[in-house]
Structures are given as C-alpha cells and as structure tokens.
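Reading through the structure tokens given below for one structure.
The values are calculated or read from the model by the stated rules, or taken from the named source; none is laboratory data. From a predicted model like this one, the values you see are computed outputs, not experimental measurements. Please note: Cβ atoms are built from the backbone with ideal geometry, for glycine as well, and neighbour counts cover all protein chains shown. Protein only, heavy atoms only, side chains kept; ligands, DNA and RNA dropped before computing areas. Shrake-Rupley method; radii C 1.70, N 1.55, O 1.52, S 1.80 Å.
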Amino acid sequence: MISLLFFTIITMTLAGSRAEFNTTLSVTVFADLGDNVTIPCHAVNEDSFGIPVLNGMRVKWTKVAEDESFNEDVLVGMGFHLKTYNRFDGRAFLQKANEEDASLLLTEISMEDAGKYRCEIFSGMEEQLYEVVLEVKGNLNNGVVFPYSPPGGRYNLNFQSAEQACLEQGAVVASYEQLLEAWKGGLDWCNAGWLSDGTVQYPITKPRQPCGGTSNGPGLRSYGRRDKKLSRYDVFCYATPLTGRFYWLVQPDRLTHEEAKQACIADGAEIAKVGQMYSAWKLESYDRCDSGWLADGSVRYPIYRPRKNCSPTEAAVRLVGFPDKAQKLYGVYCYKEEQ
C-alpha cells in the first residue's frame, strides 16, 4: 500500500537563457520493506507552461544525500535508452504511464532506499526539477543481523566481496538501521564490518579496552565511509525468516565436507548456509549442541538455551572454525525449501 501526502508550489525562474521550473514539494511516498514503489514525477505539459511533453526529453533521477557530494545516480533515460547505476541497476525503471510520466519505479525496496529523490527533466534549454521523499516501513526485527568473516580470516573483504559473501550465505549486507536494531537487541561484536551504505561499524553493548576503549559508552562504533575497493573488513549480513526447513541430518558416521553436501542432496535438500542457521536460531529458537558442516566450509552449532558444555554463558551461534574439508569429524545441517 502506497500513500501520498503532498502540497506543491511551482515557481518559474530564468537562469541565463535556460528556463527552470522548480517545484518545492512536500511529498512523501511510503513503501513496505521488500515491496515495489512508484516515486512520482510528471512533466508540466505544453498547455500549462509551453513546455513539450516527455517525448525527446532526457530524465535523470538522483538519490540526494545530506552532503550532496555523496549523491547517488539512480537512472538516466531518453526515449528508448535507459541507464541505471550501481545498486539501482536492474531495480530502477521509468514508469511511462503516459507521455508526461517520468515517475521512477523501484523494485525490491530495502531500508537504504529511504531518503530524498530528485527528478530532473531536460528539454533543450528548459529544465524541470522535482524532489520527493521515500519512507520505507517494515519491522526491522523480522530478520537477523549476523557478523561474517570469510574462510581466509578477519578483515579480508572489500565492499564488493562483502556483498557477495552475504549473498552466498543466503543474506544481504545489513543496513545501518538493521545493525542499530540488532545492537538494541543485545548484539555485541568487536570486529568492524561493512554496512550497505558503505560505512564500516561495529556494535558494542559492553565497553572494553580492546573494543574502542572504556571511555565511550555502549553504541555503534563507526569508522565512517571507507574505500569500497581498497579497504578490507568483515561484513554484517541480514537474513530474513526462512521459507523452508533447517535441520540436523541424522547420519551413522561423521562426514567430509563433500560427503556432507551429497548427504543433504540425497535427502532432497541442500547443505545449509550460515544465514539459514542464524535465522533458524534467532527466529525459530533452533537449538542443537552438535557441530556440523555448512555450505561455506565452516563448522558451527546453534545454541538457543545456554547450558553446560553448550555455550554456557549466552545464546549464540558458535563457530568451531574452517577445518580441513577432508576431515571426517562432523555431521551436517541441511536446508529444504518448501514445495
């Protein structure tokens, strides 16, 4: 469900020989997390201001940051030609309901899509400009945030490899808002990780010397925006509720990693991913004190009810490590999607 609340004031100015039609909009578009949304923008037709309709015009959409040096290009379109940029690639389209419609259609809305968007329509020496705010609604506690380090060890991921690492674990890179909610829920982690906005942060509930010192109170420690290609950190991933069944596969013998994968396949499933284990643990109270292989080559076990010899101090997903995949020392966790 999308609702609009708006009030429009249109002014006309002359900047040199360019006619500019700037609209100051108090427009807010609401969308639910994961939905599609249309952000409105319409060319003023020639009957109103003497400006031709969209045919032959160039349309540019920009996501506007508080510091405009961090603005993000979303889309540029002209006629049948359309170019989208970075994280909007494949998700941003022009609606084109009619010849005056330059509205932006965004799919698979995430929390980081929230903010101000600028629509610019160019026709010769004439320009129209509109700004609209998108607010994303959704229960940030629907999923689970978890820290992830690759098999090669901590601080080995640039931003692109961090995005890929989360995808391979059945998750996406967490947003600032999602990490903040996880911290409010008790997440404490001393390794810095990428977030979806390109910043690097980590959550501390118990201030201590090795983790930003004791003089700072609890909160999110931030390194700010880092070089997405050159900087190396861990990543915070976000996994949504499961749509299938996560389970321990009962086997008579311990397995190598390859045997573990094949055992899940033989059971009509696949070897589980790290994000699936975290979702089952956090959202379904899954608890088992058996170390098992996961898809990334790690061995972990989820403890929801702390007890002696099984994470006695806290509920957690425990990491045994990334052992030699040829070792026959562990069982396996599988995941079977609902039919």
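In segment 146-203, what residues are among the hydrophobic types (A, V, I, L, M, F, W, C), in contact (Cβ under 8 Å) with a residue 60 or more places away in the chain and open to solvent by 50 Å² or more (accessible area, probe 1.4 Å)?
Val172
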Considering segment 299-319, residues that are open to solvent by 40 Å² or more (accessible area, probe 1.4 Å) and more than 30 Å from the chain's Cα centre (by Cα), and then whichever is nearest to His257 (Cα to Cα), we arrive at Asn309
Selected residue (only one of Trp248, Trp293 is among the aromatic types (Phe, Trp, Tyr) and over 30 Å from Ala192 (Cα atoms))
Trp248
Residues within segment 127-145 that are within 28 Å of Glu284 (Cβ to Cβ), open to solvent by 10 Å² or more (accessible area, probe 1.4 Å) and either in a strand (DSSP E or B) or among the hydrophobic types (A, V, I, L, M, F, W, C) (or both), tallied:
4
Return yes or no: is Leu129 touching a residue at least 60 places away in the same chain (Cβ under 8 Å), among the hydrophobic types (A, V, I, L, M, F, W, C) and more than 18 Å from Asn36 (Cα to Cα)?
yes
Looking at Ala272, Ala280, Ala263, which is the one that is surrounded by 19 or more Cβ atoms within 10 Å (Cβ to Cβ) and over 18 Å from Ala316 (Cβ atoms)?
Ala263
When (1) open to solvent by 60 Å² or more (accessible area, probe 1.4 Å); (2) modelled with pLDDT of 90 or more are applied to Asn55, the one that fails is (2)
Checking Pro210 against (1) within 21 Å of Asn156 (Cα to Cα); (2) touching a Pro at 6+ places or on another chain (Cβ under 8 Å); (3) surrounded by fewer than 13 Cβ atoms within 10 Å (Cβ to Cβ); (4) not hydrophobic (A, V, I, L, M, F, W, C), the condition it does not meet
(2)
Does segment 273-282 include one or more residues that are farther than 30 Å from Gly198 by Cα, touching a strand residue (DSSP E or B) at 6+ places or on another chain (Cβ under 9 Å) and of a type in the set (A, V, I, L, M)?
no
Across segment 72-88, which residue is nearest to Ala43 (Cα to Cα) among those that are at pLDDT below 90 and not in a strand (DSSP E or B)?
Gly79
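Could you tell me whether segment 291-300 includes any residue that is of a type in the set (S, T, N, Q), touching a Phe, Trp or Tyr at 6+ places or on another chain (Cβ under 7 Å) and on the phi < 0 side of the Ramachandran plot? Show your work before the answer.
Step one: of segment 291-300, the residues of a type in the set (S, T, N, Q) are 291, 298.
Still in the running and touching a Phe, Trp or Tyr at 6+ places or on another chain (Cβ under 7 Å): 291, 298.
Now drop any that are not on the phi < 0 side of the Ramachandran plot, which leaves 291, 298.
Yes, some residue in segment 291-300 is of a type in the set (S, T, N, Q), touching a Phe, Trp or Tyr at 6+ places or on another chain (Cβ under 7 Å) and on the phi < 0 side of the Ramachandran plot.
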Those strands (runs of 3 or more DSSP E) lying entirely in segment 250-339 with at least 1 residues at pLDDT 95 or above and under 22 Å from Val235 (Cα atoms):
299-303, 316-321
Looking only at segment 213-235, how many residues end up being surrounded by 13 or more Cβ atoms within 10 Å (Cβ to Cβ) and among the small types (Gly, Ala, Ser)?
3
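Quick grid of which residues meet (1) out of contact with any Lys or Arg (no Cβ under 6 Å at 6 or more places or on another chain); (2) acidic (Asp, Glu); (3) open to solvent by less than 20 Å² (accessible area, probe 1.4 Å); (4) under 29 Å from Glu163 (Cα atoms):
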| residue | (1), (2), (3), (4) |
| --- | --- |
| Val76 | no, no, no, yes |
| Lys83 | yes, no, no, yes |
| Arg87 | yes, no, no, yes |
| Ala97 | yes, no, no, no |
| Ala102 | yes, no, yes, no |
| Thr107 | no, no, no, yes |
| Lys116 | yes, no, no, yes |
| Met125 | no, no, no, no |
Within the set of pairs 6 or more residues apart or between chains, which connect a residue that is more than 18 Å from Arg254 (Cβ to Cβ) inside segment 309-326 to a residue that is among the aromatic types (Phe, Trp, Tyr) and open to solvent by 70 Å² or more (accessible area, probe 1.4 Å) with Cβ atoms less than 7 Å apart?
Ala315/Tyr304
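Can you find a residue that is at pLDDT below 95 and not basic (Lys, Arg) anywhere in segment 156-169?
no
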In segment 199-215, how many residues are farther than 15 Å from Ser149 by Cβ and either at pLDDT 95 or above or assigned to a strand (DSSP E or B) (or both)?
4
Does Ser26 qualify as being farther than 30 Å from Ala239 by Cα, open to solvent by 60 Å² or more (accessible area, probe 1.4 Å) and modelled with pLDDT of 85 or more?
no
